[in-house]
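Undergrad: Got a structure here, written out as structure tokens. Questions coming.
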Ligand SMILES: CC(=O)SCCNC(=O)CCNC(=O)[C@H](O)C(C)(C)COP(=O)(O)OP(=O)(O)OC[C@H]1O[C@@H](n2cnc3c(N)ncnc32)[C@H](O)[C@@H]1OP(=O)(O)O
């Protein structure tokens, strides 16, 4: 009986032929039949379909490196959490034909959130938008263009402009990246530690169709007027507001001030955010 149990455990958890060398996150297998192209969009359904222990392990380990890079206590991303969420991961990897290994290079996780925002004049806005929740390129592969490829792929797949994505608690490196690759250099820190850029609000047209009538897809008037910062109690919508994923049905219909899928890490995130924001605001920009 004991032997049968042991055999069944071994069957359920086959060893993953992965080698986690210092330099890269590698799987000793050709993952092309499983993952397809080198830039791949993985939503919860696709992750479930993969059914490959090595892929799950390598993604989780890359997420652990991201966690270390951001000085967090626990990773923001894991395959376990992804299968139960409406977040989407964009993964970059390559197959090294010479060595017969698949190398995981980096990923970005995005998801829709309902956010209250203010612009530089403290005017307030409310709506649903795509947020960059976790973004990491393996430390041995950074500054070689992988990050830009991943980000461009997100823009292409989600049909948005770079300024239409909110950054969740960005690092100084990510802000440098947004500056150098997309000329977005005036971050507006929100109370929620999200960052958006003024370009996001440029599309606002006061009173042109949204005047208390019908909000654009994904945006709406709050039931109670809100008073933020400068005292404005008027809520506006963005012309170019990005509607939520139609297929996902706006599952997160409550305002959030942090990534809700990171159970157990929220307090940690808030502390990190405070420290990081103070550091970024007080230090000389890198770019
Ligand atoms: C919402 C969030 O996820 S916040 C967390 C963001 N993630 C991190 O900070 C983790 C550590 N950093 C990384 O993983 C990567 O550097 C990323 C994801 C930010 C960018 O990926 P990369 O593959 O390096 O990007 P890519 O090569 O396309 O562009 C490089 C640009 O990013 C910026 N950048 C990357 N690394 C650094 C760095 N160490 N110092 C300053 N700027 C940097 C620069 O603008 C650089 O352009 P340059 O080389 O012309 O100066």
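Undergrad: Of the conditions (1) within 16 Å of the ligand (Cβ to nearest atom); (2) more than 18 Å from the chain's Cα centre (by Cα); (3) part of a strand (DSSP E or B), residue 105 satisfies every one except a single condition; which number is it?
TA: (2)
Undergrad: If you scan the stretch 135-166, which residues turn out to be surrounded by fewer than 23 Cβ atoms within 10 Å (Cβ to Cβ) and near the ligand (Cβ under 6 Å from one of its atoms)?
TA: Within the stretch 135-166, 142, 143, 144, 145, 146, 147, 148 meet the criteria.
For (1) at pLDDT below 95; (2) buried (at least 20 other Cβ atoms within 10 Å of the Cβ); (3) touching a strand residue (DSSP E or B) at 6+ places or on another chain (Cβ under 7 Å), each residue gets a yes or a no:
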{"position": "41", "(1), (2), (3)": "no, no, yes"}
{"position": "44", "(1), (2), (3)": "no, no, no"}
{"position": "77", "(1), (2), (3)": "no, yes, yes"}
{"position": "82", "(1), (2), (3)": "no, yes, yes"}
{"position": "89", "(1), (2), (3)": "no, yes, yes"}
{"position": "94", "(1), (2), (3)": "no, no, yes"}
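Undergrad: If residue 180 satisfies all but one of (1) within 16 Å of the chain's Cα centre (by Cα); (2) assigned to a helix (DSSP H, G or I); (3) within 6 Å of the ligand (Cβ to nearest atom), what's the number of the condition it fails?
TA: Among (1) within 16 Å of the chain's Cα centre (by Cα); (2) assigned to a helix (DSSP H, G or I); (3) within 6 Å of the ligand (Cβ to nearest atom), residue 180 violates only (1).
Undergrad: Ok, one more. Check whether at least one residue in the stretch 108-131 is within 13 Å of the ligand (Cβ to nearest atom), in a helix (DSSP H, G or I) and on the phi < 0 side of the Ramachandran plot, and report yes or no.
TA: No, the stretch 108-131 has no match at all.
Undergrad: Quick one: in the stretch 55-74, which of the residues that are more than 19 Å from residue 172 (Cα to Cα) and crowded, with 21+ Cβ neighbours inside 10 Å is nearest to the ligand (Cβ to nearest atom)?
TA: So the residue we want is 62.
Undergrad: Also: Considering only residues that are assigned to a helix (DSSP H, G or I) and touching a residue at least 40 places away in the same chain (Cβ under 8 Å), which ones fall in the stretch 42-56?
TA: If the condition is that a residue be assigned to a helix (DSSP H, G or I) and touching a residue at least 40 places away in the same chain (Cβ under 8 Å), then 44, 47, 53 are the ones that fit.
The values are calculated or read from the model by the stated rules, or taken from the named source; none is laboratory data. The shown structure was predicted, so the numbers you read here are calculated from the model rather than taken from an experiment. In this analysis, Cβ positions are derived from the backbone assuming ideal geometry, glycine residues included, and neighbour counts consider all displayed protein chains.
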